[in-house]
Amino acid sequence: MTDSGTATSDLSRRSFLGKGLLVSGGLAVAGLGAACGDSSSTSSGTTPTTTPVTNGDDAWKRLMAGNQRFVSGKLVHPNRDAARRAEQAEHQTPFAVILGCADSRVAPEIVFDEGIGDLFPVRVAGNTAADNTVLGSIEYGAAVLHCVLIVVLGHAGCGAVKAAVDKVTKGKTVPGHIDGVLQPIVPAVEAVRASNPPDLVQAAIRENVRRQVQLLQTSQPILAGLAQVGKVEVIGAEYELTTGVVDRV
């Protein structure tokens, strides 16, 4: 991807402005798609579960249908064969970004019974978008890959939220860089703590999801612009570890 005769700054400009995607506010997001594989080509392979997705509502209905199959044990494992692998090798075609927790028990492709190239998962402990690397990854999924839905997926029993609750209520500390995971969650804990909920951890999990949704909906200059013109929808959801059910928050 590098050209010895071209300065790094020129390469960066080509990467981001080469193809151009106009977003509200006049920002052009670009040729990154060519480097990582964008969704400019239409997927030709279909399975009984790949219903057309044209907007956020369609995307959520498809995710819920997959989650129902997961919960009932009637998985079809769509889009996971050699044909799909070959089809997606040049151009990925995800329809939804999933901002999920890094928790090993909450893998989006499994929870929603989707396959290769269907979802664009961005996972970090505590499912927060405070870090620019995380936020940039989500922007890429929405602006370059044209995902029509962003789901902030929290889950019951989240260890990151539990640690944030202990930090706020007991002053507990954590080693190394782990505190960086907790800091974005602390405001959610403090917000719900004032109402003295019966289960502070559970209340904080849902409040954290709501706050991340709001953050993404208002994030300038890319996501807010896309949301305003109906190009992407941002919603929150919670996964129950025991039942496997995903519910809207």
Subject >> Probe 1.4 Å, protein heavy atoms only - accessible area per residue of the range 105-249 in square angstrom >> reply: 43
Subject >> Length gained when the stretch ASN55-LYS74 is fully extended (0.36 nm per residue, less Cα-Cα span) >> reply: 4.3 nm
Subject >> HN-Hα J in Hz across the range 232-241 - Karplus 6.51, -1.76, 1.60, θ = phi - 60°, x for Gly and Pro >> reply: 8, 10, 10, 9, x, 8, 9, 9, 9, 4
Original post:
Using mean Cβ contacts within 10 Å as the protection proxy, how do 227-233, 194-200 order, highest first?
Top reply: 227-233, 194-200
**OP:** Could you tally the net charge around VAL232, taking each other residue with its Cβ under 13 Å from the Cβ of VAL232, Lys/Arg +1 and Asp/Glu -1?
**Re:** -3
Subject >> Euclidean distance between Cα centres, the range 137-189 to the range 58-124, Å >> reply: 21
Original post:
Which cross-chain or sequence-distant (5 or more) residues have an amide H under 5 Å from the amide H of ILE150, H modelled 1.01 Å from N in plane?
Top reply: VAL97, GLU233, VAL234, ILE235
**OP:** For the range 187-194, take each phi angle, set θ = phi - 60°, evaluate the Karplus expression 6.51 cos²θ - 1.76 cosθ + 1.60, and give the result in whole Hz per residue in order, putting x for glycine and proline.
**Re:** x, 5, 4, 5, 5, 7, 4, 4
**OP:** With a 10 Å radius around each residue's Cβ, average the other Cβ atoms per peptide and rank 237-245, 184-192, highest first.
**Re:** 184-192, 237-245
Original post:
Hey, rough spin-label estimate for ALA83 and ARG105, points 7 angstrom out along Cα→Cβ, what's it come to in nanometres?
Top reply: 3.7
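The values are calculated or read from the model by the stated rules, or taken from the named source; none is laboratory data. Predicted model, so just to flag it, every value in this text is computed and none were measured. Please note: Cβ atoms are built from the backbone with ideal geometry, for glycine as well, and neighbour counts cover all protein chains shown. Heads up: the accessible areas ignore ligands, DNA and RNA and are worked out on the full protein's heavy atoms, side chains in. Shrake-Rupley method; radii C 1.70, N 1.55, O 1.52, S 1.80 Å.
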